Amino acid sequence: MRNKQLEQRSRFDLRMLFFYAVVPLFMGLLVLQVLKLQWFEHEHYVLQAEQNRLNIVPTLPVRGEITDVLGRGLAINRIAYHVQLIPERVVNMDETLHALATMLQWSDGKLAHVQRRIEHTRPDRPVLLDDKLQWEQVSPLAARLHHLPGVDVESGRYREYPYGGLASHMVGYLSLARKDDLDAGYFPSEFVGRTGAEKAFEQVLHGRPGYQQEEVDAVGRRVAVLKRSPSKMGQTLQLALDIDVQKAASQALGDRTGAVVVMDVHSGGIIALLSQPGYDTNRFITGLESDQWQAWLNDPEKPLLNRAMQAAYPPASTFKLVTGLAGLEQGARLAGGSTICPGYVELADRKLRCWKHTGHGTISLHRALVESCDVYFYQLGDQLGMAAISDAAQAWGFGEKTGIALSPESRGSVPSQSPYMMSAVKNSASKRKKWFRGETMITAIGQGTLTATPLQVARLAAAIANGGQVLRPQLLANAQAEVMHRVDVSEEHLNIIRKGMRSVVSDPHGTAHRALADAPWQMAGKTGTAQVIKMAQDKKNIISQDQLDKEHRDHAWFMGYAPYVNPKIAIAVFVEHGGHGGSAAAPVAAAVIRAMASKYDVVDATVKP
């Protein structure tokens, strides 16, 4: 019995010894941990606690608006509501999205688009779900926000393009930030310029984001706003574009595809830049559904293509101005003399025909410009040679980008005799070391592999009007003129070409007389008809354009400047598969001149409203 008591006492003593040894050790560790938390890591945990209680939310800047030269809104901001979501605060994403889809009446495509955006966005960043909403649309959702943690309804502004497709290629459009935009510092709910002026002046229009510091509860709902740092609105841009002139050009083109460019001959300011058909840029604001995008891509009329500067076509007889100037500057015999046009030129075993199959008879440079005689320029081109024609084309701005702020831009092509005679041919297997006289001749009348954009042709007209200054096209109102390069050309030779251009309009035999003789401003110009398909020479004067399928009809051109004395504006009109320049393109130019004359004073040194 006594031994048993001793044994129990011994075990008790061991327990007490363990207690007295271990408890102080644990107490020491606890004190050390308290010291660590309260002293050494105090600031870290205070910051973490604050971050759990506080939330930094970016406030997006109001984007600057875009107006035309008279201050009319081309890209404006409208007040509305938008719905956004922060993924990490959502309890059940599927249930939340389906509830939103029901209340906001999303299509399946819209829901799928939203889900993709959430998947490609950081969980701590807000994702724009819907925009341009009125209060009647969001009020049921606003009343249930306490059941939808992570979802918020805010008032804000959205982009609107009042003129839609009329100015789509000039103004451009916005879309929500993509991954590369996020990497560059944009927020997922921000819009970024993709085309047109919206893209060209993104940094100016975008503005600077701000932020607000919010106190939130345990489920992330905002309790109070503690601090604000305001965002800075982007700048408003005033373009040189006049929407009335743009509208007049569009109405004159009607349902035909084509392009019209109007520019100031002294500053290079773009008064109109129309590509038709256009597309509704408003469709991009909250995410374009794939069906609409595919419809635009597959549309045979290519509404997404900016024909004014992204597509290059044979300039046809408008290029005869360059050939004529080259002949005068080079002192070519024919430039100062005359030849006989029987309706064709014999070249080896073939004939290169004039558009007038009965011929023009004895003809000089002036009359060849007025009546657009092909035979005269075949022979002049043959005397000059391809190298001289190529050099002249490049001097007047062909084969290079104009430098306009919009992108992308085609440079067109200028054939050259070196290297391999055909620099425009991309396939090296197709390049050859022999250049044929016939190719020089057809290049001299603006056919063959020579191509140019309507913007380049308008710039040519401006350069002839202003004395040889090849200008950079300017988008902004009151921009300073920037001369890309000056053509070394005599004023005497320029005046010979200018008089020919004037007679194209004023002479009853001129190819643009019928359309422009009664224009309110005296005009100088040149028509052109660009062949689309190769046709046997004997058939060209037998088969009419109306007998051909539309895609096989010739393209129609007109280019020129006005007024003839003290010129102010240059214009280029291109009608795709329009037929003849005098009957299809020149009337469009007449409509533009009427619109300009109705509102602009041309007496002063610059065109003023």
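The values are calculated or read from the model by the stated rules, or taken from the named source; none is laboratory data. What you are looking at is a predicted structure, and each value in this text was computed from that prediction instead of being measured. When we count neighbours, we look across all protein chains shown, and the Cβ atoms used for this are built from the backbone with ideal geometry, even at glycine. Heads up: the accessible areas ignore ligands, DNA and RNA and are worked out on the full protein's heavy atoms, side chains in. Shrake-Rupley method; radii C 1.70, N 1.55, O 1.52, S 1.80 Å.
The H on the amide N of Gly579, modeled in the peptide plane, is under 5 Å from the matching H of Asp554, His555, Ala556, each at least 5 residues off or on a different chain.
Once you have the Kirkwood Rh of the chain from its Cα pairs, apply Stokes-Einstein at 25 °C and 0.890 mPa s and quote D in µm²/s. Numbers along the way, then the final one.
Numbers: Rh = 28.6 Å.
It comes out at roughly 86 µm²/s.
So what is the calculated 222 nm ellipticity per residue for the chain, using -39500 (n - 2.57) for each DSSP H run with n of 4 or more, over all residues, to the nearest 500 deg cm²/dmol? Value at 222 nm, helices only: -10500 deg cm²/dmol.
Taking all C-alpha pairs of segment 117-169, those more than 15 Å from each other amount to 63 percent.
The packing ranking of peptides 178-184, 312-318, highest mean first, is 312-318, 178-184, where packing means the average number of other beta carbon atoms within 10 angstrom of each residue.
Just report the Cα centroid separation between segment 283-329 and segment 135-198, whole Å. Cα centroid to Cα centroid, the span is 29 Å. Annotation: amide H of Thr59 within the under-5 Å range of Gly210, Tyr211, Gln212, sequence separation 5 or more or interchain, hydrogens built in the peptide plane.
For the listed residue pairs Lys199/Lys232; Lys110/Lys247; Lys320/Lys599, the alpha carbons are over 30 angstrom apart in Lys110/Lys247; Lys320/Lys599. Taking amide H as placed 1.01 Å from N in the peptide plane, Gln238 has its amide H under 5 Å from the amide H of Thr67, Ala477, each at least 5 places away in sequence or on another chain. For segment 468-528, the alpha-carbon coordinates run over 38, 29, 20 Å along the three principal axes, in decreasing order.
The convex hull built on the alpha-carbon positions of segment 61-116 has an orientation-averaged projected area of 6.0 nm². Quick check: the angle from helix 93-104's long axis to the longest principal axis of the chain, C-alpha only, nearest 10 degrees? Here the helix axis deviates by roughly 50 degrees. Solvent-accessible surface of the chain, averaged per residue with a 1.4 angstrom probe and all protein chains in place: 48 square angstrom. Contact order, relative form, for segment 341-410: 23 percent (alpha carbon pairs under 8 Å, 6 or more residues apart, mean separation divided by residue count). Within the chain, what whole-number % of the accessible surface is contributed by carbon and sulfur, with the 1.4 Å probe and all protein chains included in the calculation? Its accessible area is 51 percent carbon and sulfur atoms.
Compared with the alpha-carbon gap, the fully stretched path from Glu482 to His552 is longer by 21.3 nm at 0.36 nm per residue.
Placing unit charges on C-beta atoms (Lys and Arg positive, Asp and Glu negative, everything else neutral), compute the dipole magnitude of the chain about its Cα centre in debye, rounded to 20.
On the way: 67 positive and 61 negative charges, 178 e Å.
That gives a dipole near 860 debye.
Based on C-alpha pairs under 8 angstrom that are at least 6 apart in sequence, segment 455-537 has a relative contact order of 18 percent.
Look at the alpha carbon pairs under 8 Å that are at least 6 residues apart: their mean separation over the length of the chain gives a relative contact order of 13 percent.
Relative to the longest principal axis of the Cα atoms of the chain, the long axis of helix 42-53 makes an angle of roughly 60 degrees.
Between the helical axis of 491-506 and the dominant principal axis of the chain, each derived from Cα atoms, what acute angle in degrees is found, rounded to the nearest 10? Once rounded, the angle reads 90 degrees.
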